[in-house]
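The values are calculated or read from the model by the stated rules, or taken from the named source; none is laboratory data. If you're wondering where the values come from, they're calculated on a predicted model, not measured in any experiment. Here the Cβ is made from the backbone with ideal geometry for all residues, glycine too, and neighbour counts use every protein chain on show.
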Amino acid sequence: MNTRIKLRAGVLLGSTLALVATLPGTAALASTGAPAAISAGRLVLEPTGNGYRGTLPVTITNRSRAADYYTVLVTEPVAGSFDGLVPNGACIQADPVDNLRVFACSVDGPDLEPGERRSLEVAFTVRTAPRPYAMSAAGGRVEVMPGRTQQVAAGKDFTTLFRATNGSLRHPRPYVQDPSANASLAAGADALTVTRQADGTYAGRLPVTVRYAGDAAHDYLAVQATVPAGLEIAGTDPQDSPSFGGFFEVPGGRMAAGEERTFAVLFRTSPGTVAGDLGSVDLVLSTRYGAGEVADAAPADNTVRVTVTASDDS
């Protein structure tokens, strides 16, 4: 994308966000004689080793008399399933509607000339266990907004089908997503020894395992650690994003139903720490979606406590 298009997309998406934020669901369509049209095919989600994946074919048409650029508004058919445009377009997210997220995405490339059509695809991933029967989901919608009017010109609902593991799409059953998360956290030991380093501090690593049993919508899982004075979380191994204030993300992003991940939590003491009992650490796992936390169906297994001891023995 060249600089001019990047700047234009930034301005367009900034104003689009203000528009989308005011919508109760999706925007009301413009009257007849709309300056743009949009069509969508059928979304077929194919079973994979990590849930279901598929792309929705979409075509937009410039029906005006002047060249223009466009934003596509996407309401995902399954909460947490939107994975972006192909080819890539910058996307922003509005508040979820009935837990379904709405995205405004700029259409990449040069302006569309009058009468010109452009095809793209919208990618979706549903991280649920593949079933031996077909399923369907309602709620998906795409809309197009010309850059010159900054108003939705046309929209199209689309059908979503989950292909059965035997390849069938016949007689689909409604897909029902879990409303609550069902995550758990386990530590590899209930006691950790941190050892003296060359700089005089103490450091250690605690293996932990996170399991995600359901398919509730989420963006990531996170852990909040409560540590005694003089001890801090130095990160995780592997690590996707920095930790701060004892808060860190479970590496690897969204999890599929039944998936387990084991990683190490890294601890370090402040300078001047004396060898001996340092106290206990509480780790509390949460499931995050948007700006909020997803309620857990069984929160008792989301917390672990580990005692920490500093030792001068390597």
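Yes/no per residue for (1) assigned by TED's automatic domain parsing to the domain that holds Arg101; (2) more than 22 Å from Pro96 (Cβ to Cβ); (3) hydroxyl-bearing (Ser, Thr, Tyr); (4) buried (at least 18 other Cβ atoms within 10 Å of the Cβ):
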{"residue": "Val194", "(1), (2), (3), (4)": "no, yes, no, yes"}
{"residue": "Asp199", "(1), (2), (3), (4)": "no, yes, no, no"}
{"residue": "Thr209", "(1), (2), (3), (4)": "no, yes, yes, no"}
{"residue": "Ala213", "(1), (2), (3), (4)": "no, yes, no, yes"}
{"residue": "Asp240", "(1), (2), (3), (4)": "no, yes, no, no"}
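Considering only residues of the range 42-99 that are part of a strand (DSSP E or B) and among the small types (Gly, Ala, Ser), which is surrounded by the fewest Cβ atoms within 10 Å (Cβ to Cβ)? Full working, then the answer.
To start, the set of residues in the range 42-99 that are part of a strand (DSSP E or B) comprises 43-48, 51-62, 68, 70-75, 82-86, 91-97.
Going one step further and asking which of them are among the small types (Gly, Ala, Ser), we end up with 51, 54, 84, 94.
Values: Gly51: 22, Gly54: 22, Gly84: 17, Ala94: 19.
This residue is Gly84.
Taking the stated definitions as given, is Gly272 loosely packed, with under 14 Cβ neighbours inside 10 Å and not in a strand (DSSP E or B)?
Yes: the conditions hold for Gly272.
Go through (1) part of a strand (DSSP E or B); (2) loosely packed, with under 15 Cβ neighbours inside 10 Å; (3) among the β-branched types (Val, Ile, Thr) one by one and return the number of the condition Val176 breaks.
Evaluating Val176 over (1) part of a strand (DSSP E or B); (2) loosely packed, with under 15 Cβ neighbours inside 10 Å; (3) among the β-branched types (Val, Ile, Thr) leaves (1) as the failure.
Being outside any loop (DSSP other than H, G, I, E, B) and touching an Asp or Glu at 6+ places or on another chain (Cβ under 7 Å) is the filter here; which residues of the range 248-266 pass it?
If we filter the range 248-266 for residues that are outside any loop (DSSP other than H, G, I, E, B), which is where we start, we get 248-249, 259-266.
Scanning the range 248-266 gives Glu249, Phe263, Ala264, Leu266.
List the number of the failed condition for Arg170; all other conditions in (1) outside the structural domain of Gly258 (by TED's automatic domain parsing); (2) more than 22 Å from Pro57 (Cα to Cα) hold.
That leaves (2) as the condition not met.
From (1) touching a residue at least 40 places away in the same chain (Cβ under 8 Å); (2) within 19 Å of Ala191 (Cβ to Cβ), pick out the condition that doesn't hold for Asn302.
Here Asn302 clears every test but (2).
Within the range 283-302, count every residue that is in a strand (DSSP E or B) and surrounded by 15 or more Cβ atoms within 10 Å (Cβ to Cβ). Write out each step before concluding.
Of all residues in the range 283-302, those in a strand (DSSP E or B) come to 283-289, 292-294, 296.
Still in the list and also surrounded by 15 or more Cβ atoms within 10 Å (Cβ to Cβ): 283-289, 294, 296.
Number satisfying all stated conditions: 9.
Determine whether Ala67 is in contact (Cβ under 8 Å) with a residue 40 or more places away in the chain and within 25 Å of Gly290 (Cβ to Cβ).
Working: in contact (Cβ under 8 Å) with a residue 40 or more places away in the chain: yes; within 25 Å of Gly290 (Cβ to Cβ): no.
Answer is no for this residue.
With the requirement that a residue be within 17 Å of Thr201 (Cβ to Cβ) and either outside the structural domain of Glu232 (by TED's automatic domain parsing) or basic (Lys, Arg) (or both), what does the range 258-276 give you?
The initial filter retains those residues of the range 258-276 that are within 17 Å of Thr201 (Cβ to Cβ), namely 265-276.
Within the range 258-276, Arg268 is the sole residue that qualifies.
Can you find, within the range 207-220, the residue that is nearest to Ala129 (Cα to Cα) among those that are out of contact with any Phe, Trp or Tyr (no Cβ under 7 Å at 6 or more places or on another chain) and assigned to a strand (DSSP E or B)?
Within the range 207-220, the subset out of contact with any Phe, Trp or Tyr (no Cβ under 7 Å at 6 or more places or on another chain) is 207, 209-216, 220.
If we keep only those that are assigned to a strand (DSSP E or B) too, we end up with 207, 209-212, 220.
Working: Pro207: 27, Thr209: 20, Val210: 17, Arg211: 14, Tyr212: 12, Tyr220: 18 Å.
Among those residues, the one meeting the criterion is Tyr212.
Hey, can you tell me all the residues within the range 14-63 that are of a type in the set (Gly, Ala, Ser), at pLDDT 95 or above and under 15 Å from Cys105 (Cβ atoms)?
Correct list: Ala36, Ala40.
Under the condition of being of a type in the set (A, V, I, L, M, F, W, C) and part of a strand (DSSP E or B), which residue from the range 221-238 is farthest from Ala256 (Cα to Cα)?
Filtering the range 221-238 down to residues of a type in the set (A, V, I, L, M, F, W, C) leaves 221-223, 225, 227, 229, 231, 233-234.
Checking which are part of a strand (DSSP E or B) leaves us with 221-223, 225, 231, 233-234.
Working: Leu221: 12, Ala222: 15, Val223: 18, Ala225: 24, Leu231: 33, Ile233: 27, Ala234: 27 Å.
If we take residues in the range 221-238 being of a type in the set (A, V, I, L, M, F, W, C) and part of a strand (DSSP E or B), then Leu231 is farthest from Ala256 (Cα to Cα).
When the residues of the range 181-192 are narrowed to those that are surrounded by 14 or more Cβ atoms within 10 Å (Cβ to Cβ) and not in a strand (DSSP E or B), which ends up farthest from the chain's Cα centre (by Cα)?
So, considering only residues that are surrounded by 14 or more Cβ atoms within 10 Å (Cβ to Cβ) and not in a strand (DSSP E or B), the one farthest from the chain's Cα centre (by Cα) is Gly188.
If I ask for residues that are in contact with a Ser or Thr (Cβ under 7 Å, 6 or more places away or on another chain) and surrounded by 19 or more Cβ atoms within 10 Å (Cβ to Cβ), which ones from the range 110-124 would you list?
The answer is Val122, Phe124.
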